[in-house]
1. Put one equal scatterer on each alpha carbon of segment 47-206, apply the Debye formula with no solvent term, and list log10 I(q)/I(0) at q = 0.15 1/Å to two decimals.
2. Please arrange ARG62, ARG142 by counting, for each residue, the other beta carbons lying within 10 Å of its beta carbon, fewest first.
3. Filter the cross-link list LYS141/LYS252; LYS50/LYS237; LYS126/LYS237; LYS113/LYS208; LYS113/LYS249 down to pairs whose alpha-carbon distance in this structure exceeds 30 Å.
4. Roughly how big is segment 151-254's charge dipole about its Cα centre, with Cβ charges of +1 (Lys, Arg) and -1 (Asp, Glu), in debye to the nearest 20?
5. Give me, ordered by chain and number, the residues 5 or more places off TYR84 or on other chains with an amide H under 5 Å from its own placed amide H.
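Derivation of every value follows stated rules applied to the coordinates shown; laboratory data play no part. Please read these numbers as outputs of a predicted model, since none were measured by experiment. Cβ: placed from backbone, ideal geometry, glycine included. Neighbour counts: every protein chain shown.
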Amino acid sequence: MTDFNKKLFNNRKSLIIIACVLFLVVAIIIANYLSYLLIPSASNSSSVTKDSFSVYMLSLARSQVKSEAEGRAGDFQSIGGGGYVWEQDDYFYVISSAYANKNDAVLVQNSVKANQGLDSEIIEAKFPALSISGNFSSEEKRVLSMAIDCFYDYYLALYDIAISLDTLVYNETSAKLALNTSHSNLSNTISNFNTLFSDASGQIEEIKNSCEELLSASNSLCQMSSSSSQTYSSLLKYHYTLALDLYLKLAKGL
């Protein structure tokens, strides 16, 4: 083979190699593009999920008979305890207050014992993870997520108001003003949800019903004032525990 032929052969070999490499690169680009089209992005996910969490509740009494627990509730509402009857593990607990952090619950438990001479126990209320399936747009996911979160957000808002009231940062008037703001936020969240999901059914309808029940309870709370039988702090604690109970029932039912 002449030098010219060898050079021509080598050039053809190089061109074939380059062509194969280019073909491989193009194939990879096309494959990635197709996978992008076929696999939905995170913003178009087919479900909305919420992680599990726990809340630590201070119980001042318990009974296996609901009416007995309800009868004890009033004893604690007059001194600032929420007095919400919480059902768990075949018992009915009279809940004074609830905390996202266990250490806070322990501190209050010690304070209640030292200052009021009341024995109590801390129970851990576990809230399961939940998942809502559907073909949601980004806006639908955002609004749906806010609707699901509104129960816990409302609990946190009322918790902060109750703490401020108990520590004399707020008086009853300023506590009511703060409550009105929380109620307005809740109302706006639920209104947006109802507008976007006007034809609710299945899981969405269950969420809607629970949200409406919370909104109704919040509206009633906005009309309430303290009395000799129940302090305003007790009213706040009762209703934030109610919000948690509504969410627990919803999460278990979905």
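1. Ignoring solvent entirely, the Cα scatterers give -0.97.
2. Numbers: ARG62 19, ARG142 15.
The order, fewest Cβ neighbours first, is ARG142, ARG62.
3. Cα-Cα > 30 Å for LYS113/LYS208; LYS113/LYS249; rest within.
4. Values: 5 positive and 10 negative charges, 29 e Å.
Roughly 140 debye, rounded to the nearest 20.
5. Here ILE95 satisfy the definition.
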